[in-house]
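Accompanying notes for the structure given below.
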Amino acid sequence: MCSVPVQKAVETVETNEAKKTYLSLYIEPAIKRQLEKRADREKRSLSNLCNRLLDWAGIWLERAGDSHALESWRAYPTRSRSQRISEETQEQLFIALATILERAPSTVIEEVTRLLTERAGKYGDKRK
């Protein structure tokens, strides 16, 4: 486990939101690169992105009660799994659909919705 040190003077900054204080921590280089890419993509500073993530994480930590409870949590909703096809095929399908929903133009999303709804209607009645 390789860590990247962050070194700066400890300072407290007044903003119109609230009083903020500096936090120094060690993180994996891969995580830092991922955060930097995300901040760049969203046109935010790394500090702003990390502040938002820590705000969000704080809410979930409070709900969990402690960090040990978070070990079994997932950042994505749980999915029902079919025994008919492999886990790999199911995961590939979920990732493909999530990618389409996140990145495709609305016309493509509408077409995928139409197609899946049509097929679900065709095969949905067979279980009854």
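Please state, as a whole number in µm²/s, the translational diffusion coefficient that the Stokes-Einstein equation yields for the stretch 12-72 at 10 °C and 1.306 mPa s, with Rh defined as the Kirkwood radius across alpha carbon pairs.
The Stokes-Einstein estimate is 119 µm²/s.
Note the full-extension length gain between residue 88 and residue 48 as 0.36 nm times their separation in residues minus their Cα-Cα distance, in nm to one decimal.
Between residue 88 and residue 48, full extension yields an extra 10.8 nm.
What translational D, rounded to a whole number of µm²/s, comes out for the stretch 32-113 from Stokes-Einstein when the hydrodynamic radius is the Kirkwood one over Cα pairs, at 37 °C and 0.692 mPa s?
Approximately 205 µm²/s, per Stokes-Einstein.
From the C-alpha gyration tensor of the stretch 87-127, pull out the three semi-axes of the equivalent ellipsoid (sqrt of 5λ each), sorted largest to smallest, in whole Å.
20, 16, 5
Cβ under 14 Å from residue 108's Cβ, residue 108 left aside: what net charge do those residues give with Lys, Arg +1 and Asp, Glu -1?
-1
Rule-based calculations on the coordinates, nothing more; no lab input. These numbers come from a predicted model, not from an experiment. Don't worry about glycine lacking a Cβ; one is built from the backbone with ideal geometry, like all the others, and counts go over all protein chains shown.
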